[in-house]
Amino acid sequence: MKPKTQTSIAEKVDFANNDILRNLCGEQDRNIRLLEKLAAVNLGIRGNAISISGDRISVLHIRNLLSQLYEISGKGYPLFPADIEYAHRILSEDAAADLERIFLDTVFISSKKRIITPKSIAQKLYIDAIRNADMVFGIGPAGTGKTYLAMAMAVATLMEKKVNRISLARPAVEAGEKLGFLPGDLAEKVNPYLRPLYDALFDMLDFDRASALIHKGVIEVAPLAFMRGRTLNNSFVILDEAQNTTSEQMKMFLTRLGYGSKAVITGDVTQIDLPTDKVSGLVEAEQLLCKTEGIRFVHFSELDVVRHPLVQEVIRAYNHLDRRKRKNDGRLKEGTKNLR
């Protein structure tokens, strides 16, 4: 029997405002061409209408996407090709998703006048969790915006005077390098580990303002060890790369939280650089605290990657490799057990 082929259909969508339609289509219709690549449909523009042809599911998907993006664009949101890709990804994951609720949820407007908003369903859940809970864990692969969005929320909260300070911490774990062999004093040795936090901070606040806040101690960027023995009241605290904390370090950090404070803990459990005999504090914390009221865990996947599209493919390939390794390890253990 021949496999059933999906029936091709054609639909036309009318748009009332030509200026908004031009923004939707992009410069030289680049957004339209991008959609044709993403969804295997043919799109045609005539006057204030867009015709869509292809298989039924794809046509309905693109109609939904165009209609929602048109409404968002009409509310002043500047559409870029990356937004088209994010919107396509979101609606592919959940056809009932409300793009306006995601894309128009402004977290912060950076010093470069760039509007920081969530770009995926998980990112929206993450932002809502940070707003509503005092302790949030963001767990997932690189490039999913875990640290960047947490930083944006921290700066926005500080600017709104809801907290008095921001504390940013990272464990200074040796990933293939020995700290003792790096040049300079202790501060110079650990500074490379903190650089990503500084980069995110300077992307949101202009250099002079951020430097002044750091000099006054309003914003603190420090290795995790510097948190020991402190109580952080009225603070927004971020622990980055938490997969590289030990059990003791994670307990120490989580018990620093004082009154009027929020803590966001981010990490990627597939990139643990601890010695093999050490348990990751992040993995253990999820096991211990996943059912604790007031603590939220948000998980990200390769679908939430907001870096270069190839990053998604790299993560997917390595996840596949890890699954193969676990499967082979399981067979090896089973074979050893049978020999006994």
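The values are calculated or read from the model by the stated rules, or taken from the named source; none is laboratory data. In this text the structure is predicted, and so the values were computed from the model without any measurement. Here the Cβ positions follow ideal geometry from the backbone for every residue, glycine too, while neighbour counts run over all protein chains shown. Just so you know, the surface numbers come from the protein's heavy atoms only, side chains and all, with ligands and any DNA or RNA stripped out. Shrake-Rupley method; radii C 1.70, N 1.55, O 1.52, S 1.80 Å.
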Within segment 72-109, residues being assigned to a helix (DSSP H, G or I), under 26 Å from ARG131 (Cα atoms) and not small (Gly, Ala, Ser) number 12
Only unsatisfied item for ARG209, checking (1) open to solvent by less than 70 Å² (accessible area, probe 1.4 Å); (2) touching a residue at least 60 places away in the same chain (Cβ under 8 Å), is (1)
From the option list ALA152, ALA129, single residue qualifying as over 26 Å from ASP322 (Cα atoms) and surrounded by 20 or more Cβ atoms within 10 Å (Cβ to Cβ) is ALA152
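Against the definition (within 20 Å of PRO196 (Cα to Cα), part of a loop (DSSP other than H, G, I, E, B) and open to solvent by 30 Å² or more (accessible area, probe 1.4 Å)), how does LYS112 come out, yes or no? Please lay out each step first, then the result.
Working: within 20 Å of PRO196 (Cα to Cα): yes; part of a loop (DSSP other than H, G, I, E, B): yes; open to solvent by 30 Å² or more (accessible area, probe 1.4 Å): yes.
Here the answer is yes, as LYS112 does meet what is asked.
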Condition first: assigned to a loop (DSSP other than H, G, I, E, B) and polar (S, T, N, Q). Can you find one or more residues in segment 121-135 that meet it? no
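Return yes when ILE62 is under 33 Å from the mean Cα position of the chain (by Cα), modelled with pLDDT under 95 and in a helix (DSSP H, G or I) and no when it is not. Walk me through it before giving the result.
On the way: under 33 Å from the mean Cα position of the chain (by Cα): yes; modelled with pLDDT under 95: no; in a helix (DSSP H, G or I): yes.
Here the answer is no, as ILE62 does not meet what is asked.
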ILE84 fails exactly one of (1) under 21 Å from LEU303 (Cβ atoms); (2) free of Cβ contacts under 8 Å to residues at least 24 places away in the same chain; (3) not polar (S, T, N, Q), namely (2)
Among helices (runs of 4 or more DSSP H) entirely within segment 241-340, at least 2 residues that are farther than 30 Å from THR117 by Cβ and modelled with pLDDT under 70 occur in 309-339
Here the qualifying pairs (Cβ atoms under 8 Å; residues six or more apart or on different chains; first in segment 265-288 and in contact (Cβ under 8 Å) with a residue 60 or more places away in the chain and under 22 Å from ILE127 (Cα atoms); second open to solvent by 20 Å² or more (accessible area, probe 1.4 Å) and hydroxyl-bearing (Ser, Thr, Tyr)) come out as THR266/THR147
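Going residue by residue through segment 77-90, is there one that turns out to be within 22 Å of the chain's Cα centre (by Cα) and among the acidic types (Asp, Glu)? Before you say what the answer is, go through the steps one by one.
First pass over segment 77-90, keeping only residues within 22 Å of the chain's Cα centre (by Cα): 77-90.
Checking which are among the acidic types (Asp, Glu) leaves us with 83, 85.
Yes - at least one qualifying residue is present in segment 77-90.
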